[in-house]
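A.B. asks: Below you'll find the structure I mean.
The values are calculated or read from the model by the stated rules, or taken from the named source; none is laboratory data. Note that the coordinates shown come from a computational prediction; the quantities given were computed from them, not determined experimentally. Note that we place each Cβ from the backbone using ideal geometry, even for glycine, and neighbour counts take in every protein chain shown.
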Amino acid sequence: MSLPKRVVLVGPMGAGKSTIGRMLARELGYRFMDSDRIIEERCGADIPWIFDVEGEEGFRHRETAILSELSGQSQTVLATGGGAVMREENHAHLKRDALVVYLKTSVEQQVERTRKDRNRPLLQSDDPEAVLRRLFALRDPLYTRLADIVMFTDRKSPRLVVRQLVNRMDPKSPRQVRKVGKEGSKHA
Ligand code: S3P
């Protein structure tokens with residue numbers, strides 16, 4: 001596989017999309033974009049405020065508009081919000097000219113990584129683990145269906161995930177240290 005025109009990272013809250021995306025963009029020499037941050041910049045308010053004032057529906061509306069706008073932009077790595085796959089109409093925006101990577105993460109790791117988080121309205125519940133489990137059941141099939149590559153991130157440093165992704169994209173790259181996953185498999 002030669003370098004993709006753009007890379008889109010999907011996956012649940014706490015999968016490391018922003019950290020990994022930023023590092024991957026640097027590695028590829030691409031521009032990094034984070035749809036949640038762009039929504040906040042455009043709106044002049046943070047995500048909890050948007051959920052409070054406009055509800056989840058208002059946020060999803062803004063998210064679709066941004067994904068549509070960023071769709072197909074070349075030489076970019078786009079980190080998306082965990083719920084970006086929930087609207088069918090977003091799928092074409094995510095897929096357009098993109099290598100879609102699902103950063104797959106266990107619910108245990110998600111709980112661990114989002115434990116002290118106050119910026120994710122959906123997790124401000126008495127039982128955030130139950131929320132993450134419910135969302136995983138709903139969304140995992142969608143992430144999997146959309147993805148060209150499924151990359152497990154549990155117990156891996158962001159650096160290792162990036163190295164494995166670059167190897168999967170461009171196996172002849174001199175940066176390669178080892179081959180990951182079976183030929184033709186989308187799992188690693
Ligand atoms: C959401 C995930 C968040 C953000 C919003 C909703 C979700 O992004 O878009 O709070 O529905 O899973 P991250 O996945 O970057 O945390």
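A.B. asks: Being over 30 Å from Val166 (Cα atoms), of a type outside the set (Phe, Trp, Tyr) and at pLDDT 95 or above is the requirement here; does Pro128 meet it? Even if it seems obvious, please write down each step before you answer.
C.D. replies: Values: over 30 Å from Val166 (Cα atoms): yes; of a type outside the set (Phe, Trp, Tyr): yes; at pLDDT 95 or above: yes.
Considered against the rule, which asks whether it is over 30 Å from Val166 (Cα atoms), of a type outside the set (Phe, Trp, Tyr) and at pLDDT 95 or above, Pro128 comes out as yes.
A.B. asks: Could you go through region 36-51 and let me know if any residue there is touching a Cys at 6+ places or on another chain (Cβ under 7 Å) and among the aliphatic types (A, V, I, L, M).
C.D. replies: Pass one, region 36-51, residues touching a Cys at 6+ places or on another chain (Cβ under 7 Å): 50.
In the following step, the residues that additionally are among the aliphatic types (A, V, I, L, M) were identified as 50.
Scanning region 36-51 turns up at least one residue that is touching a Cys at 6+ places or on another chain (Cβ under 7 Å) and among the aliphatic types (A, V, I, L, M).
A.B. asks: Let me ask something additional. Contact list please: Cβ distance under 6 Å, first residue in region 88-117 and without any contact (Cβ under 8 Å) to a residue 40 or more places away in the chain and surrounded by fewer than 16 Cβ atoms within 10 Å (Cβ to Cβ), second residue part of a helix (DSSP H, G or I) and of a type in the set (Val, Ile, Thr), pairs at least six apart or on different chains.
C.D. replies: Within 6 Å, no pair qualifies.
A.B. asks: Sticking with this one: What are the residues in region 10-23 that are more than 21 Å from Pro121 (Cα to Cα), within 15 Å of the ligand (Cβ to nearest atom) and aliphatic (A, V, I, L, M), if any?
C.D. replies: We begin by selecting, within region 10-23, every residue more than 21 Å from Pro121 (Cα to Cα); these are 20-23.
Going one step further and asking which of them are within 15 Å of the ligand (Cβ to nearest atom), we end up with 20-22.
Answer for region 10-23, where residues must be more than 21 Å from Pro121 (Cα to Cα), within 15 Å of the ligand (Cβ to nearest atom) and aliphatic (A, V, I, L, M): just Ile20.
A.B. asks: When both residues are 6+ apart or on different chains and their Cβ atoms are under 9 Å apart, which pairs have a first residue that lies in region 125-136 and is free of Cβ contacts under 8 Å to residues at least 24 places away in the same chain, and a second that is loosely packed, with under 13 Cβ neighbours inside 10 Å?
C.D. replies: Short answer, once both residue conditions are applied: Pro128/Arg115; Pro128/Asp117; Glu129/Glu108; Val131/Ser125.
A.B. asks: Does region 110-131 include one or more residues that are more than 9 Å from the ligand (Cβ to nearest atom) and within 16 Å of the chain's Cα centre (by Cα)?
C.D. replies: yes
A.B. asks: Right, something else. So which of Phe59, Phe32 ends up being under 16 Å from the mean Cα position of the chain (by Cα) and buried (at least 18 other Cβ atoms within 10 Å of the Cβ)? Show your work before the answer.
C.D. replies: Numbers: Phe59 fails: under 16 Å from the mean Cα position of the chain (by Cα).
Selected residue: Phe32, the only one of Phe59, Phe32 that is under 16 Å from the mean Cα position of the chain (by Cα) and buried (at least 18 other Cβ atoms within 10 Å of the Cβ).
A.B. asks: Sticking with this one: Mind checking whether some residue in region 13-20 is surrounded by 20 or more Cβ atoms within 10 Å (Cβ to Cβ), without any contact (Cβ under 8 Å) to a residue 60 or more places away in the chain, out of contact with any Leu (no Cβ under 7 Å at 6 or more places or on another chain) and within 26 Å of Val107 (Cα to Cα)?
C.D. replies: Taking region 13-20 as the starting set, the residues that turn out to be surrounded by 20 or more Cβ atoms within 10 Å (Cβ to Cβ) are 13-17, 20.
Among the residues that remain, those that are also without any contact (Cβ under 8 Å) to a residue 60 or more places away in the chain are: none.
No.
A.B. asks: Please enumerate the residues belonging to region 52-87 that are of a type in the set (A, V, I, L, M), touching a residue at least 60 places away in the same chain (Cβ under 8 Å) and within 12 Å of the ligand (Cβ to nearest atom). Steps first, answer last, please.
C.D. replies: The initial filter retains those residues of region 52-87 that are of a type in the set (A, V, I, L, M), namely 53, 65-67, 70, 77-79, 84-86.
Then keep just the ones that are touching a residue at least 60 places away in the same chain (Cβ under 8 Å); that gives 77-79, 84-85.
Passing the criteria: Leu78, Ala79, Ala84, Val85.
A.B. asks: If you don't mind, there's one more thing I want to ask. Here are the criteria: (1) modelled with pLDDT under 95; (2) within 13 Å of the chain's Cα centre (by Cα). Tell me which single one Thr80 does not satisfy.
C.D. replies: (1)
A.B. asks: In this structure, does Asp140 turn out to be over 28 Å from Asp46 (Cα atoms) and modelled with pLDDT of 95 or more?
C.D. replies: On the way: over 28 Å from Asp46 (Cα atoms): no; modelled with pLDDT of 95 or more: yes.
Here the answer is no, as Asp140 does not meet what is asked.
A.B. asks: Out of (1) charged (D, E, K, R); (2) without any contact (Cβ under 8 Å) to a residue 40 or more places away in the chain; (3) surrounded by fewer than 13 Cβ atoms within 10 Å (Cβ to Cβ), what's the single condition that is false for Arg163?
C.D. replies: Condition (3) is where Arg163 drops out.
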